[in-house]
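Chemist: This is the structure I want to talk about, given as structure tokens.
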Amino acid sequence: MRIVAAMSGGVDSSVAAALLAARGHNVVGLSMQLYDQRGGTQSFGSCCTLDDLHDARRVARRIGIPHYIVNFERRFEERVISPFVQEYAAARTPIPCVRCNSDLKFASLLDRARGFDAEQVATGHYARVETVPAAGGRAVRRLRRAADHAKDQCYFLFSLTQSQLARASFPLGDMLKAEVRDYARDHGLLVADKPDSHEICFVPDGDYAAFVERRLPEGSRDGAVVDAAGRLLGRHRGVHRFTVGQRKGLGVSGTVPLYVTAIDAASDTVTVGPRADLERTTLTARGVNWIEGTPRPGCPVTAQIRHHHPPAPARVWPLDGAALRLEFDHPQPAIAPGQAVVLYDGDIVLGGGWID
């Protein structure tokens, strides 16, 4: 089978491509150029760099597959960076890695795969996809957590559709991270000990506020910091500097530690309060994708409101317009608008959406 392998230059995508080649598949390596490599004002972190592209090419040469670089600069700007800035300006907390994986990597690479007459696109994600029978004799694709739960990346893949999953391959789904590095060493891949990337690639210094300010056409607006009763506690320099649950950098103090509990972009108001004020038992979400079909109202699930948040028991009610309402069995802290909520049945990914 001819398979396009997305190669970032890291150990995971390199081993994914090597495994497929070792199994006898006709593998074509593709790396995404996401910004102008000639330099300029944009700087990237420990992924997506020119060195990463060179590493991917060297790995492709080592395993004996062709390698191409595809220019996704415009798409990355339109589908990932611009929405990131707009969300922060609207007092929401975006998660660009989900947008990048679904709206850019899979959607765009599947289009490119057709040009290579490739049947599948493979990535180095820690996830599993399987085909299961469904009603009427048809088959559906099921997305499951990876064997290595510590590295599982299904949270970032909840928006993949049945047609995308039908052509997706995750060769690392049944492997532990240590096994992946061992495989790379045993097969002479130069990236075997390359560190993983953790930061958002286009904000390498972690200063989201400064990045957003540089790209806000209208600039940032000052506003009020208030308590739950509306009493003025201080002033701030833009709602994009805050996220629900934030404790540091509030510019105000109290008799107890204070956290951001709500942000109103329309009035440029940031509300703060004690930790107890962060707890919520319900949320609504939009832009919902159900991977295998819409669950029944009140269906028990476990839900993650952040990537590293422990799955929490809840019940879900699907709503019209690709939306849902979720009720947790126990209060959850810092449910942040703009983040993704992903729902599971055991290790099966049911779907997810964007928290309102």
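Chemist: Within region 62-84, how many residues turn out to be farther than 21 Å from Arg112 by Cα and not β-branched (Val, Ile, Thr)? Spell out the reasoning first.
Modeler: Going through region 62-84, the residues farther than 21 Å from Arg112 by Cα turn out to be 62-63, 81-84.
Narrowing the set further to residues that are not β-branched (Val, Ile, Thr) leaves 62, 82-84.
The qualifying residues number 4.
Chemist: Looking at region 172-182, can you tell me whether even one residue there is buried (at least 20 other Cβ atoms within 10 Å of the Cβ) and touching a strand residue (DSSP E or B) at 6+ places or on another chain (Cβ under 6 Å)? Let's see the steps before the verdict.
Modeler: Taking region 172-182 and keeping what is buried (at least 20 other Cβ atoms within 10 Å of the Cβ), we get 172-173, 175, 180.
From what's left, touching a strand residue (DSSP E or B) at 6+ places or on another chain (Cβ under 6 Å): 173.
Checked region 172-182: at least one residue is buried (at least 20 other Cβ atoms within 10 Å of the Cβ) and touching a strand residue (DSSP E or B) at 6+ places or on another chain (Cβ under 6 Å).
Chemist: Can you name the condition, by its number, that Val252 falls short on among (1) in a loop (DSSP other than H, G, I, E, B); (2) farther than 21 Å from Ala228 by Cβ?
Modeler: Failed condition: (2).
Chemist: Related question: Counting just the residues of region 303-313 that are within 17 Å of Ser159 (Cα to Cα) and at pLDDT 95 or above, which one comes out surrounded by the fewest Cβ atoms within 10 Å (Cβ to Cβ)?
Modeler: At the first step, the residues of region 303-313 found to be within 17 Å of Ser159 (Cα to Cα) are 303-307.
In the following step, the residues that additionally are at pLDDT 95 or above were identified as 303-305.
Details: Ala303: 24, Gln304: 20, Ile305: 24.
Going through the qualifying residues, I end up with Gln304.
Chemist: Also, quick follow-up: Would you confirm whether or not region 53-71 contains a residue that is within 24 Å of Asp207 (Cα to Cα) and crowded, with 16+ Cβ neighbours inside 10 Å? Break it down stepwise before answering.
Modeler: Initial filter on region 53-71 (within 24 Å of Asp207 (Cα to Cα)): none.
No; the residues of region 53-71 include none that is within 24 Å of Asp207 (Cα to Cα) and crowded, with 16+ Cβ neighbours inside 10 Å.
Chemist: Further question on the same structure: Quick check on this structure: which one of Ala147, Ala127 is crowded, with 20+ Cβ neighbours inside 10 Å and modelled with pLDDT of 95 or more?
Modeler: Working: Ala147 fails: crowded, with 20+ Cβ neighbours inside 10 Å.
None of the other options fit; the residue is Ala127.
Chemist: How about region 259-291: which of its residues are in contact (Cβ under 8 Å) with a residue 24 or more places away in the chain and in a loop (DSSP other than H, G, I, E, B)? Steps first, answer last, please.
Modeler: Filtering region 259-291 for residues in contact (Cβ under 8 Å) with a residue 24 or more places away in the chain gives 259, 261, 263-265, 267-273, 275, 277-291.
Within region 259-291, Ala265, Ser267, Asp268, Ile291 qualify.
Chemist: Next question, about the same structure. Could you say which residue among Val70, Val59 is closer than 16 Å to Val4 by Cβ, in a helix (DSSP H, G or I), of a type in the set (A, V, I, L, M, F, W, C) and at pLDDT 90 or above?
Modeler: Numbers: Val70 fails: in a helix (DSSP H, G or I).
None of the others qualify; the one that does is Val59.
Chemist: Among Ser31, Ser43, which is the only one that is under 24 Å from the mean Cα position of the chain (by Cα), modelled with pLDDT under 80 and in the same structural domain as Ser82 (by TED's automatic domain parsing)? Working first, answer last.
Modeler: Values: Ser31 fails: modelled with pLDDT under 80.
Every option except Ser43 fails the conditions.
The values are calculated or read from the model by the stated rules, or taken from the named source; none is laboratory data. The model shown is predicted, which means the values in this text are computed figures rather than measured ones. We place every Cβ from the backbone using ideal geometry, glycine too, and count neighbours over all the protein chains shown.
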